[in-house]
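In what follows, a structure is listed as structure tokens, so that the remarks can point back to it.
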Amino acid sequence: MTRARAYLPLQPFKQLEEFLQFEQTLQDGGVMKIIILDLVKSSEVSCEKFVRSSWRLLLTDEVVRQCSWRGTDAKKCVRGFRITLEIRKDAEFDRVTQKFFQYAQDRLSKAQKLVASKKKI
């Protein structure tokens, strides 16, 4: 059996294009099953934590900021991603994913403020 880590990125994708290329590799059902098993192994107890940790394993906030649940002219729609369709387990998934993508800019701003405050010290 192939190790799932061979398919998951070692670091979250930093470019949207890289993630979209990764999405193309998920057309192979065998690869997708292995990736989902690896995500489940590294997951949290609750659905909410599982969803957030899965997205964090795959995408940086810079990439998340370029996407939204429904998509816009400027942002990619995450509902149609293959990985989204696979990790979607219940109604909680939609709510948690929407919030995760919605607050990407806030997480980036907080991280930048933290870095700036550490430089002052």
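The values are calculated or read from the model by the stated rules, or taken from the named source; none is laboratory data. Quantities reported herein were computed from a predicted structural model and do not represent experimental measurements. Cβ coordinates were reconstructed from backbone atoms using ideal geometry, including for glycine residues, and neighbour counts include every protein chain displayed. These accessible areas exclude ligands, DNA and RNA; they are computed on the full protein's heavy atoms, side chains included. Shrake-Rupley method; radii C 1.70, N 1.55, O 1.52, S 1.80 Å.
The table below lists the values:
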quantity: Qualifying residues in the stretch 14-38 (those that are open to solvent by less than 30 Å² (accessible area, probe 1.4 Å) and at pLDDT 85 or above) - the one nearest to the chain's Cα centre (by Cα); calculated: PHE19
quantity: Boolean, CYS67 is without any contact (Cβ under 8 Å) to a residue 24 or more places away in the chain and under 19 Å from PHE19 (Cα atoms); calculated: no
quantity: Check on VAL63, touching a Lys or Arg at 6+ places or on another chain (Cβ under 7 Å), closer than 20 Å to VAL96 by Cα, crowded, with 18+ Cβ neighbours inside 10 Å and of a type in the set (A, V, I, L, M); calculated: yes
quantity: Failed item, numbered, when ILE87 is tested on (1) open to solvent by less than 50 Å² (accessible area, probe 1.4 Å); (2) farther than 19 Å from TYR7 by Cα; calculated: (2)
quantity: First in the stretch 95-119 and closer than 24 Å to LYS49 by Cα and aliphatic (A, V, I, L, M), second anywhere and surrounded by 12 or more Cβ atoms within 10 Å (Cβ to Cβ) and modelled with pLDDT under 90, Cβ under 6 Å, 6 or more apart; calculated: VAL96/GLU48; VAL96/VAL51
quantity: Enumerated helices (runs of 4 or more DSSP H) restricted to the stretch 57-121, each holding at least 1 residues that are β-branched (Val, Ile, Thr) and within 15 Å of PHE13 (Cβ to Cβ); calculated: 61-64, 82-87
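Yes/no matrix, rows are residues, columns are (1) outside any helix (DSSP H, G or I); (2) in contact (Cβ under 8 Å) with a residue 40 or more places away in the chain; (3) under 17 Å from ARG79 (Cα atoms):
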site	(1), (2), (3)
PRO9	yes, yes, no
GLN21	no, no, yes
GLN24	no, no, yes
GLN27	yes, yes, yes
MET32	no, yes, yes
ILE35	no, yes, no
ASP38	no, no, no
VAL51	no, yes, yes
